[in-house]
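Encoded as structure tokens, the structure appears first; notes follow it.
The values are calculated or read from the model by the stated rules, or taken from the named source; none is laboratory data. In this text the structure is predicted, and so the values were computed from the model without any measurement. Ideal geometry is used to build each Cβ from the backbone, glycine not excepted, and the neighbour counts take in all protein chains shown.
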Amino acid sequence: MSASREDTLALRELVENWVLWRDAGDWDRFATVWHPSEGWMTATWFQGPATEFIAVSKRGFEQGVRILHFLGGHSASVAGDRAIAQTKMTITQRADIEGVEADVVCTGRFYDFCTRYDGDWKIVRRQPIYEMDRLDVVDPADRLELDSGLLARFPVGYRHLGYLQTKAGFTVKTGLPGLTGEAVQRLYDEGAEWLAGAGTAGDYR
């Protein structure tokens with residue numbers, strides 16, 4: 001399904017505002033990108049209503065947690081007042097792992113179920129797709145040995161991100177969509193059903 005240029009630009013702006021306002025800690029404006037009653041966020045370390053996601057993100061930001069995002073290409077399918085927006089992105093997180101400062105960069109896509117609400121596009125559900133990641137020590141002179149058992153616990157698309165977040169104290173969900181496989185195919189099917197008028201944005205709760 002093709003989108004008008006006006007809708008494409010508005011959806012792209014919605015996704016860009018999500019990234020800019022969240023990463024900057026601009027929580028009041030960040031809240032405006034979500035559907036006010038139905039917004040839902042799924043991430044490696046969080047799954048729940050957007051209002052709770054904002055609250056825990058704010059607490060983490062104030063405590064020094066840095067999970068940053070950068071955007072790439074964007075595509076949107078629109079059917080009336082509903083849309084599926086896909087946006088290439090990277091997630092970067094820095095944390096201390098057993099005394100060694102390290103960065104993880106995870107490449108993937110934001111897969112957003114959107115709806116028009118009071119004339120503006122809002123995100124009903126965000127499900128990242130995790131395609132590939134890597135871990136780098138910040139100081140090249142440092143040496144970090146990873147626990148192979150812990151690393152193998154997570155899918156290949158966010159293996160190192162899951163490792164770093166677990167070491168940082170997060171509970172990381174397994175089985176999230178990657179580049180291929182049943183989880184991402186199920187997500188695509190839910191997206192198609194959303195555009196066709198399904199009552200919910202997939203089976204995510």
**Item:** Complete set of residues in the stretch 9-30 that are closer than 30 Å to Asp96 by Cβ and either surrounded by 14 or more Cβ atoms within 10 Å (Cβ to Cβ) or of a type in the set (Asp, Glu) (or both)
**Value:** Trp18, Val19, Leu20, Trp21, Arg22, Asp23, Asp26, Trp27, Phe30
**Request:** Taking the residues in the stretch 73-87 that are out of contact with any Ser or Thr (no Cβ under 6 Å at 6 or more places or on another chain) and part of a strand (DSSP E or B) as candidates, determine which candidate is surrounded by the fewest Cβ atoms within 10 Å (Cβ to Cβ).
**Result:** Gly73
**Matching residues, the stretch 26-50, being small (Gly, Ala, Ser) and within 15 Å of the chain's Cα centre (by Cα)** = Gly39, Ala43, Gly48, Ala50
**Request:** Inspect all residues belonging to the stretch 53-71 and state whether any of them is among the acidic types (Asp, Glu), over 30 Å from Ala196 (Cα atoms) and surrounded by fewer than 18 Cβ atoms within 10 Å (Cβ to Cβ).
**Result:** yes
**Request:** Taking the options Ala24, Ala55, Ala10, name whichever one is of a type outside the set (D, E, K, R) and in contact (Cβ under 8 Å) with a residue 60 or more places away in the chain.
**Result:** Ala10
**Request:** Just need a number here: residues in the stretch 51-71 that are in a helix (DSSP H, G or I), closer than 24 Å to Thr107 by Cα and more than 12 Å from the chain's Cα centre (by Cα).
**Result:** 6
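Per-residue answers, yes or no, for (1) assigned to a helix (DSSP H, G or I); (2) at pLDDT 95 or above:
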| site | (1), (2) |
| --- | --- |
| Met1 | no, no |
| Leu11 | yes, yes |
| Val15 | yes, yes |
| Leu20 | yes, yes |
| Asp23 | yes, yes |
| Arg29 | yes, yes |
| Glu38 | no, yes |
| Trp45 | no, yes |
**Request:** Of the numbered conditions (1) under 30 Å from Glu145 (Cβ atoms); (2) touching a helix residue (DSSP H, G or I) at 6+ places or on another chain (Cβ under 8 Å); (3) in a strand (DSSP E or B), Glu101 fails exactly one; give the number of that condition.
**Result:** (2)
**Request:** Could you please tell me which pairs satisfy a Cβ distance under 7 Å, a separation of 6+ or placement on different chains, a first residue in the stretch 180-205 that is within 19 Å of Arg116 (Cβ to Cβ), and a second residue that is aliphatic (A, V, I, L, M) and at pLDDT below 95?
**Result:** Leu195/Met1
**Request:** Evaluate the following for Glu38: is it within 22 Å of Lys173 (Cβ to Cβ), of a type outside the set (A, V, I, L, M, F, W, C) and touching a residue at least 12 places away in the same chain (Cβ under 8 Å)?
**Result:** yes
**Item:** Scope the stretch 156-169; condition touching a residue at least 12 places away in the same chain (Cβ under 8 Å) and surrounded by fewer than 19 Cβ atoms within 10 Å (Cβ to Cβ); matching residues
**Value:** Val156, Lys167, Ala168
**Request:** Could you pull out the residue among Val33, Val100 that is β-branched (Val, Ile, Thr), buried (at least 17 other Cβ atoms within 10 Å of the Cβ) and in contact (Cβ under 8 Å) with a residue 12 or more places away in the chain?
**Result:** Val33
